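Engineer: The structure under discussion is supplied below as structure tokens; questions concerning it will follow.
Just so it is clear, none of the values below were taken in a lab; they were calculated from the coordinates. Because the structure is a prediction, the values reported are computed rather than measured. Glycine gets a Cβ as well: all are built from the backbone with ideal geometry, and neighbour counts include every protein chain shown.
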Amino acid sequence: MHALWPALRQSRPARAISPELVALYDQRADIPASAFVDLMTQASERIDVLVYAAVFLHEAYPRLNDLLKERAAEGCTIRIALGDADSPNVRQRGQEKRFGHGIESRCQIALMHYRPLVGVAGIEIRTHGTTLYNSIYRADDQMFVNAHVWGVNAYGAPVWHLRRSGDGGGMFDTYAGSFDAVWETASPVQEG
């Protein structure tokens, strides 16, 4: 193998498992919604959510907006990036999942759920039109990353639970950087 891939000999040794990986789930449906809520409840500095819709959070935990307001009142910065229902990428995702216009409707419902938070100090809601390869749910130095798989709804796709390690530059920072890149392209939701 080294003859075919000489660069492998010179690269750093592979690790079978990242020290940042806390757990790996076969599908998001295997994780109780309470785990997402617990993650956010423990946040003291930041909560970042990058999704198309993730309406399962509000459906499973109707007090989610109250929780986010409480976290923000205690100094936590909260950024929620939802899919823009009018985006061609959102429509394409619906076609790939054979979901029809369902994903666009779910984006609209998600915005309806989060809209009461617009204008709350410490909370910002934006919409994005990017192609999402993962949904990200971050709370301080932990996050759930929900992979997006062609033709599979997010609840049926794998999730990894990451915890930032002290050395930086690992998987956690890669996904945090991905969130920041999408956030910069997203449009703030206005009151009203």
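Engineer: Could you pull out every residue, at least 5 positions away or on a different chain, whose amide H is within less than 5 Å of the one on A23? Hs are placed 1.01 Å off N in the peptide plane, and Pro or chain starts have none.
Structural biologist: Here H161 satisfy the definition.
Engineer: Then there is this: Given 0.36 nm per residue, what is the gain on full extension from R63 to D86 after removing their alpha carbon distance, in nm?
Structural biologist: That works out to 5.5 nm of additional length.
Engineer: Please state the relative contact order of the range 116-192 as a whole percent: Cα pairs under 8 Å, 6+ residues apart? Let's see the in-between values first.
Structural biologist: Numbers: 92 pairs, mean separation 26.2, N = 77.
Relative contact order, the range 116-192: 34 percent.
Engineer: Please work out how much length the chain gains when fully extended from V120 to Q190, using 0.36 nm per residue of separation minus the C-alpha to C-alpha distance, in nm with one decimal.
Structural biologist: In short, 24.0 nm is gained.
Engineer: Separate question: Put a dot 7 Å past each Cα toward the Cβ at S44 and A181; how far apart are the dots in nm?
Structural biologist: Rounded to a tenth, the inter-label distance reads 3.2 nm.
Engineer: Here is a further query. Counting other C-beta atoms within 10 Å, and keeping those with at most 10, which DSSP coil chymotrypsin sites (Phe, Trp or Tyr not before Pro) do you find in the range 135-192?
Structural biologist: Sites meeting the loop and neighbour criteria: W150.
Engineer: What relative contact order, as a whole-number percentage, does the chain give when Cα pairs under 8 Å and 6 or more residues apart are counted?
Structural biologist: 28 percent
Engineer: Continuing with this model, one more query. Could you compute the net charge surrounding L50? Neighbours are other residues with a C-beta less than 9 Å from the C-beta of L50; K and R count +1, D and E count -1.
Structural biologist: Combined, the nearby Lys, Arg, Asp and Glu give +1.
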